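Heads up, the thing below is written out as structure tokens.
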Amino acid sequence: MEEVPLEAQRSQEPGRPEAGADADAGARITVDSPDAMRELGRRLAGLLRPGDLVLLTGELGAGKTTLTRGLGEGMGVRGAVTSPTFVIARVHPPLGGGPALVHVDAYRLGGGLDEMEDLDLDVSLPESVVVVEWGDGKVEELSDDRLHVVIARAVGHEEVLDDVRQVSVRGVGARWAGGAGLDTLAGALTE
């Protein structure tokens, strides 16, 4: 895995603040296998706490559920983490004293937060870590503080880069101000 310096990762998109104290914090990581994606999830789990909202974005087969499986392993939750596509949401209770993992797949949900209201995510959020696949544009209203994780296939020769993913982890809000350890994710995978 390749580490990209934090300063080079912050994009200056229209509407985003300049890099600095008020900018969203983040990291970019190159992941070269499903095992490395799970390890990234385990490392990310070490930064999460009750009340955290994580939005996962990426095409079908990008590795969203694989990353969530690693989160579950790192958080020490009960049950196999699998895609909740057909049940919409699964709750994985903690095996120890940590928070539960609420894993949501919003792929089949067309509306925003109103359509997801029956899931009671706002009730679960304070004592759980809520991970929402396909959640962009649907659940941001749940929390001013959240992580946006975007997983993209690397561009290049398919036979060489089939398992390679570019993962962008961006923290939004006061909870993630200053990075809250996000800049250590890439380095952790290269050890």
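Throughout, read-outs are computed from the coordinates displayed, never taken from laboratory work. Fair warning: this is a prediction, and the values are worked out from it, not measured in the lab. Reconstructed Cβ throughout: ideal geometry from the backbone, glycine too, with neighbour counts over all protein chains shown.
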Simple label model, 7 Å out from Cα along Cβ direction - Asp162 to Asp32, nm: 1.6
Could you pull out every residue, at least 5 positions away or on a different chain, whose amide H is within less than 5 Å of the one on Ala100? Hs are placed 1.01 Å off N in the peptide plane, and Pro or chain starts have none. Val129
Extension length gain for Ala174 and Ser83 (0.36 nm per residue less Cα distance), in nm, is 29.8 nm
So if we plug the beta-carbon distance of Arg49 and Leu95 into 1/(1 + (r/R0)^6) with R0 = 25 Å, what FRET efficiency do we get, rounded to 0.05? 0.90
Shape verdict for the range 26-84, please, from the Cα gyration tensor: rounded (a/c under 1.5), prolate (a/b greater than b/c) or oblate. rounded
